[in-house]
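Structure first, commentary second.
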Amino acid sequence: MNRLLIMLSLGLAPAAAIAQPPADAPLIVIDPGHGGANTGAPGAEPGVYEKRETLAMARCVAERLRAAGFRVALTRERDEYVSLRDRVRRAHALGADRFVSIHFNATERHDQRGYETYVLTPEAIEVDAPALRYDDGPARAGVDRRTAALLDDVERSLALPASAALALRVQRALRSVRGPEGDRGVRQDAMHVLLGLTMPAVLVEVGFLDHPIEGPQLRRPDTRAAICEALASAMAGP
């Protein structure tokens, strides 16, 4: 059982249990989707936008993880635009052990519900990642660009099983609090923000913010808290 689950099962106040994560603790980078002029999906309610919901959720999850002894960094700390490449660069510069991008969904007809988690496909690494790898990969002192690119591709491929395991944990955690009806499963796609990363990485769509019923439910304090705890537990897993 991971540290976060142990603390929660004992009814401990996480913030009081661990004040400062140790320097060698795993580093989890959380990516709150969108930001600034890039508002993301509109909510079912006036004035609600994805960029605010992702940041609020990321802050909540980060607090839980830090309290459980993990080091955590966000790709943005406030309502500002951060390019996808800069998010990737930040994760590499920090030496992230895993990366989770948080999003909320929407459709043109506002009639979809549920949650889903994405990982890269092996094909995306072969076809799409080369366009990004020179700029976005981790720094490799004393290695020429072509060799660095090959090493990046190897690391991406090696990270795929861990990414798939992380995605499955996230999906199962959401299912535990949101129920099976909205489970849209773990999916594979060439998500741009994931392409440049060489560590285990996933993108989670927490729910449909624009749905007239699900959207307001996602913003209820009790629902937010439950989702936050579920995501933190999944990210804290092995």
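The values are calculated or read from the model by the stated rules, or taken from the named source; none is laboratory data. If you're wondering where the values come from, they're calculated on a predicted model, not measured in any experiment. Note that we place each Cβ from the backbone using ideal geometry, even for glycine, and neighbour counts take in every protein chain shown.
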* Please identify the pairs in which a residue from the range 220-238 that is in contact (Cβ under 8 Å) with a residue 60 or more places away in the chain and farther than 11 Å from Leu166 by Cα has its Cβ atom under 7 Å from the Cβ atom of a residue that is assigned to a helix (DSSP H, G or I) and among the charged types (D, E, K, R), counting only partners at least 6 apart or on another chain. => Cys228/Arg64; Glu229/Arg64; Ala232/Arg64
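Conditions (1) modelled with pLDDT of 85 or more; (2) surrounded by 13 or more Cβ atoms within 10 Å (Cβ to Cβ), marked per residue:
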site: Arg109; (1), (2): yes, no
site: Ala149; (1), (2): no, yes
site: Asp153; (1), (2): no, yes
site: Ala167; (1), (2): yes, yes
site: Ala173; (1), (2): yes, yes
site: Gln188; (1), (2): yes, yes
site: Leu209; (1), (2): yes, yes
* Structure fact -> Note: among Leu94, Leu74, just one is modelled with pLDDT of 95 or more, among the aliphatic types (A, V, I, L, M), touching an Asp or Glu at 6+ places or on another chain (Cβ under 9 Å) and surrounded by fewer than 24 Cβ atoms within 10 Å (Cβ to Cβ), namely Leu74
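Restricting to the range 211-238, name every residue that is of a type in the set (Ser, Thr, Tyr) and surrounded by fewer than 21 Cβ atoms within 10 Å (Cβ to Cβ).
Answer for the range 211-238, where residues must be of a type in the set (Ser, Thr, Tyr) and surrounded by fewer than 21 Cβ atoms within 10 Å (Cβ to Cβ): just Thr223.
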* **Hits in the range 187-205 (condition: farther than 15 Å from Arg85 by Cβ and within 13 Å of the chain's Cα centre (by Cα))** => Met199, Pro200, Val202, Leu203, Val204, Glu205
* Scan the range 27-39 for residues that are touching an Asp or Glu at 6+ places or on another chain (Cβ under 7 Å) and surrounded by 17 or more Cβ atoms within 10 Å (Cβ to Cβ) and report the count. => 5
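Counting only residues that are of a type outside the set (S, T, N, Q) and in a strand (DSSP E or B), how many does the range 25-44 have?
8
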